[in-house]
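The block underneath contains the structure these notes are about, expressed in structure tokens.
The values are calculated or read from the model by the stated rules, or taken from the named source; none is laboratory data. Worth saying up front: this structure is predicted, and the values here are computed from it rather than measured. When we count neighbours, we look across all protein chains shown, and the Cβ atoms used for this are built from the backbone with ideal geometry, even at glycine.
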Amino acid sequence: DLLIRTAGEQRLSDFLLWEAAYAELYFSPTFWPDFRRSHLEAAIAEFRRRERRFGGLAPVVPTAAARELLSATAEALRAG
């Protein structure tokens, strides 16, 4: 879902709060009467570049340093 807010306002003003829970928000400085097909196409292009996670987090791949720290911590816990 893509929700487009025009006129440069960066708030929802209690509009469709539940329905827009996982929607991507796009804020356009253009006022609604002046909003044209080119503005819609720009919003859709921006939407297509986004990574949608639907409330989840992106997968985390631990770095080598983090893996070493986890390994050392596990060894210390086993050693008592």
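Filter segment 13-50 down to the residues that are at pLDDT below 85 and in contact with a strand residue (DSSP E or B) (Cβ under 8 Å, 6 or more places away or on another chain), then identify the one that is surrounded by the fewest Cβ atoms within 10 Å (Cβ to Cβ). Only one residue fits best here, namely 16.
Total residues in segment 17-29 satisfying the condition of being more than 16 Å from residue 47 (Cβ to Cβ) and either in contact (Cβ under 8 Å) with a residue 24 or more places away in the chain or within 18 Å of the chain's Cα centre (by Cα) (or both): the figure is 4. For the subset of segment 30-40 comprising residues that are over 16 Å from residue 2 (Cβ atoms) and among the charged types (D, E, K, R), which member is nearest to the chain's Cα centre (by Cα)? Looking at the filtered set, the residue picked out is 36. Is there a residue in segment 55-77 that is at pLDDT 85 or above and touching a Phe, Trp or Tyr at 6+ places or on another chain (Cβ under 8 Å)? Scanning segment 55-77, I find no residue that is at pLDDT 85 or above and touching a Phe, Trp or Tyr at 6+ places or on another chain (Cβ under 8 Å), so the answer is no.
Summed over segment 51-80, the residues that are among the acidic types (Asp, Glu), part of a helix (DSSP H, G or I) and exposed (fewer than 10 other Cβ atoms within 10 Å of the Cβ) give a count of 1. Checked against the criterion of being among the acidic types (Asp, Glu), under 24 Å from residue 4 (Cα atoms) and either touching a strand residue (DSSP E or B) at 6+ places or on another chain (Cβ under 6 Å) or touching a residue at least 12 places away in the same chain (Cβ under 8 Å) (or both), segment 51-73 contains not a single residue that satisfies it. Each residue in segment 5-16 was checked for being of a type in the set (Phe, Trp, Tyr) and under 16 Å from residue 46 (Cβ atoms), and 0 of them qualify.
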